[in-house]
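Working notes for the structure below.
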Amino acid sequence: MLARTVSASLLGVEGLPVRVEVDVAFGLPGMTIVGLAGSAVQEARERVRSALRNSGFELPARRITVNLAPADLPKEGTGYDLAIAVGILAASGQLPSVPLRLDEVALLGELALDGGLQPVPGAMALVAAAREAGIPSAMVPLANEAEAASVAGVAVFAARSLGDVVAHLSAVRPLEPAVRTPLPEARVAADAPDLSEVIGQQLARRALEIAIAGRHSLALSGPPGIGKTLLLRAAAGLLPPLDDAEAIEVSRIYSVAGLTDRRAPLIRQRPFRAPHHTVSTQALVGGGPRIRPGEASLAHRGVLFLDETLHFRADALDALRQPLESGQVTIARVDGVLTMPARFMLFAAFNPCPCGWLGTVARTCACEPSTARRYASRLSGPLRDRLDLLVLMQEPASIDGAHDGVEPSAVVRGRIAAAWRRQLDRQGSPNAELSAARIGPGTGFGSELVSMLAQRGRRFALSPRRLHRAARLARTIADLDRRDLVTELDLDESLRYRPEAAA
C-alpha cells in the first residue's frame, strides 16, 4: 500500500517542500530510504522503528520503501522523521480514518526513541515553504511552536509526541491551533557602550554617525587604546530597530542557523556581529558540506564588525567584496548555486602597523617600512575601494575636559532615526543602496552639483565606484542636516573620508 505525506527541507536560508512517499509491500523485511538522503536521514530508520514501537504501534514486517521527492534535492537533517513515521502508519493501515488529507498538513520534527518530538532548526523557513506550496497547516514539535507560529497564513499545531500527532490527525484528540507570535517591542541594545564614554575623537564620531545614518561601511585606523573598538561597539546602541518585514527576514536567517530563542523567536534589534579574527572563510560568508549562513548573512540588515581587521585571513576578507557590492552571498557547488542575503554595514578597526604606533607623536614606530607596507596591504585594494569612510585616528592631546560637551548616544540616535525616515520617505531605501542612475534632481543632486562631482572625480582620479560612493555619502550628510538638496560642502566632506585621502 502506498501513502503520501509532506515535509520540508532547508536550502540555505529558504525552505522547500518535500513529498514523502511510503510504500509497504510484501518482501524481505527492511526499510530503504531513497532520494539523495544524507547520513542523518538514513539514521531515521532506527529512530522511526523505536519511536513506533514505544508509541504503541508496529513496524510492519514487510519491505518498506521511503522516497523523498524531488529526488535530485539533497536531503539533510532529522526533520523528516515525523513525516516518514506517519506515512508508514498510513501505508500499513495503522492510522485510523483521517478526516483530512495527509498532503494538506506539513509534518516537521525529529523523533526521539520514546516517540517524543524534538525541535528542528529553521522551523520558520520550513513552515513558510509549506505556505508557499499551498499547504494550509503544519504540525511541529512543541519546542518549535512560537517560531513556527510567527509565519502568517498557516494553521500551526504543536505536539509533544507521535501519539499526539496521530490522535490529532484522526480527530480523536484534536490540538488547538497555535496563537500567532507577535513582534516584540523595539529596544535599544542594553550592553552597548555609550558615546559619552569615548574620549575626544570628534572626526571619528562624525564618521560613525554618517555611516549608520546612511548604512555605509566604515573603517577606523589608529594606535592601540585610543577608542577604535569602543567607538564602533557603541554603534549597537545607535541602530534604529528593524521594521516588521526586516524582523521576519532576519529572524528566519537566525532560525535556520539555530540561533533563535525559541521562547521569543522574532528579532527586533538589528544584528551586531563581531567574529574573532581566527574565523574561517566559510564561517564568515557561509558554506560547508551542509550550507548554512555565515557571519555575513547573520549580520544582514545590521553591522558586521571586524576588530583587528588586518589579522583576519586575506581570503576571508576578500570574500566580503561580493556581498558589500550586491548585498548577497553566492555559493557555487557542483550540484547548483545558492544565494543568501548579506546586506550589512561593514565596520573595521585596525592598527596602522604591527606595533601600532606608525605616524604617532607619543611613541616611535619600531616597524621596518617594508613590514608596515606589507601589513597595510592585507586590506586589499578592491576591498579598500568598497569602504565608504576611512578615518585615521590620533591620540587626544589631553584627556582634561575631553568629555565636556560630548553628546550621549541617545541624542545621536535621534538624529540617525530622523535621517533614516527621510531616506525611506524619499526613495524607499537607504542611501547606501542608491543606484548611480538615481543620482539626480529626484534625490537632491542639482545639475551644477553633478558637474562638480565629475570635476572632483577627474581632480582626484577617482574610480566610478568611488565617485558613486562619495555621492551617496554626501546625500547622507545632507539628510543628517535635514536638507533636501545636497550642497558642495556635503560633497567636499564626503570626499574627506575616502580611503585615498586617509592614506
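Some observations on this one:
- Matching residues, region 14-32, being open to solvent by less than 10 Å² (accessible area, probe 1.4 Å) and within 19 Å of R290 (Cβ to Cβ): V18
- Verdict on S39 being under 21 Å from V140 (Cα atoms) and either among the polar types (S, T, N, Q) or in contact with a Ser or Thr (Cβ under 7 Å, 6 or more places away or on another chain) (or both): no
- Taking region 33-51 as the range and being hydroxyl-bearing (S, T, Y) and open to solvent by 60 Å² or more (accessible area, probe 1.4 Å) as the test, only S39 passes.
- Within region 389-406, the only residue that satisfies the criterion of being modelled with pLDDT of 90 or more and open to solvent by 60 Å² or more (accessible area, probe 1.4 Å) is L392.
- Of all residues making up region 367-388, the number that are small (G, A, S) and buried (at least 17 other Cβ atoms within 10 Å of the Cβ): 2
- Of all residues making up region 185-194, the number that are of a type in the set (D, E, K, R) and open to solvent by less than 60 Å² (accessible area, probe 1.4 Å): 1
- Any chance A314 is in contact (Cβ under 8 Å) with a residue 24 or more places away in the chain and out of contact with any Phe, Trp or Tyr (no Cβ under 9 Å at 6 or more places or on another chain): yes
- Criterion applied to P174, P182 was being at pLDDT below 90, exposed (fewer than 13 other Cβ atoms within 10 Å of the Cβ) and not in a helix (DSSP H, G or I), and the one residue passing it is P182.
- Scanning region 339-366 for residues that are more than 30 Å from N431 (Cα to Cα), in contact (Cβ under 8 Å) with a residue 24 or more places away in the chain and either open to solvent by less than 10 Å² (accessible area, probe 1.4 Å) or among the acidic types (D, E) (or both) yields a total of 1.
- Residues of region 411-421 that turn out to be open to solvent by 60 Å² or more (accessible area, probe 1.4 Å) and closer than 18 Å to R206 by Cβ, as a count: 3
Table: residues versus (1) modelled with pLDDT under 95; (2) closer than 28 Å to R268 by Cβ; (3) touching a Pro at 6+ places or on another chain (Cβ under 8 Å).
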position	(1), (2), (3)
G287	yes, no, no
R290	yes, no, no
A296	no, yes, yes
F305	no, yes, no
S326	yes, yes, no
I331	yes, no, no
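- Failed criterion for T443 (all others in (1) within 29 Å of V411 (Cβ to Cβ); (2) open to solvent by 40 Å² or more (accessible area, probe 1.4 Å) hold): (2)
- R262 modelled with pLDDT of 95 or more, of a type outside the set (S, T, N, Q) and either farther than 21 Å from V188 by Cβ or out of contact with any helix residue (DSSP H, G or I) (no Cβ under 8 Å at 6 or more places or on another chain) (or both): no
- Residues (under 25 Å from the mean Cα position of the chain (by Cα) and either open to solvent by 20 Å² or more (accessible area, probe 1.4 Å) or in contact (Cβ under 8 Å) with a residue 40 or more places away in the chain (or both)) located in region 195-217: A207, E209, I210, A211, I212, A213, G214, R215, H216, S217
- Within region 154-171, considering residues that are in a loop (DSSP other than H, G, I, E, B) and under 21 Å from R262 (Cα atoms), the one most open to solvent (accessible area, probe 1.4 Å): R160
- Test: residue in region 19-42 that is among the acidic types (D, E), out of contact with any Asp or Glu (no Cβ under 7 Å at 6 or more places or on another chain) and assigned to a strand (DSSP E or B): yes
- Qualifying residue in region 60-70 (condition: in contact with a Leu (Cβ under 7 Å, 6 or more places away or on another chain) and of a type in the set (A, V, I, L, M)): no
The values are calculated or read from the model by the stated rules, or taken from the named source; none is laboratory data. Here the structure is a predicted model, which is why all the values come from computation and not from measurement. Neighbour counts run over all protein chains shown; Cβ positions are idealised from the backbone, glycine included. Just so you know, the surface numbers come from the protein's heavy atoms only, side chains and all, with ligands and any DNA or RNA stripped out. Shrake-Rupley method; radii C 1.70, N 1.55, O 1.52, S 1.80 Å.
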